[in-house]
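Undergrad: Dropping a structure here in structure tokens format, bear with me for questions.
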Amino acid sequence: MSRKVLVFAEEKNGKLRNVSFEVLAAAKKIVDGGEIASVLFGTDADEYVQALAEHGADKVFVVQDSLLTQYVTDVYKEAFLEVVNQFQPDVILMGHTSIVRDMAPKIAAALQVGLITDTIAIEMIDEKIVFTRPIYAGKAFVKKVSNDSLVFATIRPNNIAMEDADSSRSGLKIPLSFTPSNNALRVKVRDVLRKASKGIDLSEAKIVVSGGRGMKSKEGFEKLYELADHLGAAVGASRGACDAEYADYSLQVGQTGKVVTPDLYIALGISGAIQHVAGMSNSKVIVAVNKDPEAPIFQIADYGIVGDLFDVLPILVDELKVL
Ligand code: FAD
């Protein structure tokens, strides 16, 4: 049964987020000869439209309005509903990003449909779209099906592989205008203060180097950056390290922090509490360094080094310098 699938494309720091392409790859698994459309807000850049088309979008709805250059929940919600109205999708897919976590429930409520959040896999079984999502902090997985006529789900970044671009494809750009209601205009963004972050975005990184309370101090934690630089990795932290003020909370990985699924996760001085594991257990390869051989992190690690991290860290950095 062919379907019309609508995919939200997100731009960040002047480029389309990888998750936009991952969600297009998910859409291709279920479209079954139907049509895939992307939605782009606040920019009409042709290179974005082309990139979305090369990754599977047949058309790209572009809502270019000065109000949409900054994220405001109700303005984005209303603009998105306008696109839904135009395209009449059977399925809506979005990346499970901070913006979407805020906006998607409001859109689902307005459309009077259910929302399946934070899914990590999508497949067709007996003509039904089946989503897999982790539960109990990643200890178990549940398969979910929507019985609504419009299926709406969010997909965790870094889980569904983005496909190679097909440069022979080009998509149809459809500019849309919309007029926000007075209600949506109650909130205005006056300024956006971004935390200065060193290097790579944690939630999209292919390699993450994380430190815990075992890093002992802020100065100790800083040593992680040298290893991260050599690996081209993002730096993460346990809540233990954040509570001890070694690292900023924006780096926290776990149940109440960021969920990461890199190819390689290196945990140094992290015990492996269930709340931390919830944010990183789907990493493809996990390496743990801990001086306690009984530390729970070793139960999920693919490679473990039992030792003092302050001895191990310089050796790792030296080895990488040679590469
Ligand atoms: P610790 O548990 O203190 O472990 C430090 C580890 O470092 C130990 O295993 C120790 O052996 C090792 N170590 C010490 N010195 C060295 C050394 N020199 N060399 C090598 N190893 C060394 N935690 C998160 O991380 N993320 C979350 O999102 C999160 N959410 C939470 C939500 C709730 C509701 C609650 C109750 C807790 C949450 N926590 C979260 C906290 C979590 O339960 C743990 O307390 C926390 O993860 C512990 O951090 P840690 O492993 O760095 O510290």
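Every read-out reported here was derived from the displayed coordinates using simple, explicitly stated rules and does not represent laboratory data. The model shown is predicted, which means the values in this text are computed figures rather than measured ones. All Cβ positions, glycine included, derive from the backbone under ideal geometry; neighbour counts span all protein chains shown.
Undergrad: Look through the stretch 135-180, keep the residues that are of a type in the set (Val, Ile, Thr) and touching a helix residue (DSSP H, G or I) at 6+ places or on another chain (Cβ under 7 Å), and return whichever of them is farthest from Ile116 (Cα to Cα).
TA: Once the filter is applied, the top-ranked residue is Ile160.
Undergrad: Please determine whether any residue of the stretch 99-111 is assigned to a helix (DSSP H, G or I) and either touching a residue at least 60 places away in the same chain (Cβ under 8 Å) or among the aromatic types (Phe, Trp, Tyr) (or both).
TA: So far as the stretch 99-111 goes, yes, one or more of its residues are assigned to a helix (DSSP H, G or I) and either touching a residue at least 60 places away in the same chain (Cβ under 8 Å) or among the aromatic types (Phe, Trp, Tyr) (or both).
Undergrad: Can you name every one of the helices (runs of 4 or more DSSP H) wholly within the stretch 232-323 that holds 1 or more residues which are over 27 Å from the mean Cα position of the chain (by Cα) and more than 10 Å from the ligand (Cβ to nearest atom)?
TA: Of the helices (runs of 4 or more DSSP H) lying wholly inside the stretch 232-323, those with at least 1 residues that are over 27 Å from the mean Cα position of the chain (by Cα) and more than 10 Å from the ligand (Cβ to nearest atom) span 309-322.
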